[in-house]
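The next block holds one structure in the form of structure tokens; read it before the comments.
The values are calculated or read from the model by the stated rules, or taken from the named source; none is laboratory data. Note that the structure is a prediction, hence the values are computed from the model and not measured. Cβ atoms come from the backbone with ideal geometry, glycine included; neighbour counts cover every protein chain shown.
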Amino acid sequence: DRFFGFFFVLALRFLISFLGIGKVTCSFVKYLPQIVLNFRRKSTFGWSISFVLLDLVGGIFSIIQQTLRSIQISSIKPFTANVAKTGLAVETLVFDTIFIVQHCILYRNSDEFDSLDQDDEQREW
């Protein structure tokens, strides 16, 4: 009975870790096309930065929470025990920083963008 309980807990932990890594992967796949599209168009016209700023705040709060917990228990375990949470927070900070740089620095003065040929856009994506 204890034998099966051990493997059940082990399988459950594996499943949770697997789903967490899946979430990190999905987020990567979600962010990357927008960065590429902004780069190709040399513009962020028609794209709102509001959600990126909110997403960034969430990532910062997540890192702060893990840092405070690490200080409280004098260990880095909050960062290493939940790889998905740490990965999502870091991924959010990196991608949102790229979006902010694109929007506020690189393509700041581009009110319009050169239209991409719709056939080219469909072919590439």
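Tabulated results
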quantity	calculated
Positions within segment 48-57 being in a helix (DSSP H, G or I) and of a type in the set (A, V, I, L, M), in sequence order	Val52, Leu53, Leu54, Leu56, Val57
Scan of segment 40-53 for residues that are surrounded by 11 or more Cβ atoms within 10 Å (Cβ to Cβ) and more than 12 Å from the chain's Cα centre (by Cα), ordered by number	Arg40, Arg41, Lys42, Ser43, Thr44, Phe45, Trp47, Ile49, Phe51, Leu53
Flag for Leu106 being surrounded by 14 or more Cβ atoms within 10 Å (Cβ to Cβ) and over 16 Å from the mean Cα position of the chain (by Cα)	yes
Residues being of a type in the set (Phe, Trp, Tyr) and modelled with pLDDT of 95 or more - total across segment 49-72	1
Residues of segment 1-47 that turn out to be closer than 24 Å to Leu93 by Cβ, among the small types (Gly, Ala, Ser) and either in contact with a strand residue (DSSP E or B) (Cβ under 6 Å, 6 or more places away or on another chain) or part of a helix (DSSP H, G or I) (or both), as a count	4
Pair list, Cβ < 9 Å and 6+ apart or interchain, from segment 17-39 residues that are surrounded by 15 or more Cβ atoms within 10 Å (Cβ to Cβ) to residues that are among the basic types (Lys, Arg) and modelled with pLDDT under 95	Gly20/Lys85
Some residue of segment 56-66 being surrounded by 13 or more Cβ atoms within 10 Å (Cβ to Cβ) and touching a Pro at 6+ places or on another chain (Cβ under 7 Å)	yes
Total residues in segment 71-100, condition β-branched (Val, Ile, Thr) and within 30 Å of Thr44 (Cα to Cα)	7
Candidate set: segment 84-117, residues that are outside any helix (DSSP H, G or I) and aromatic (Phe, Trp, Tyr); chosen: the one modelled with the lowest pLDDT	Phe113
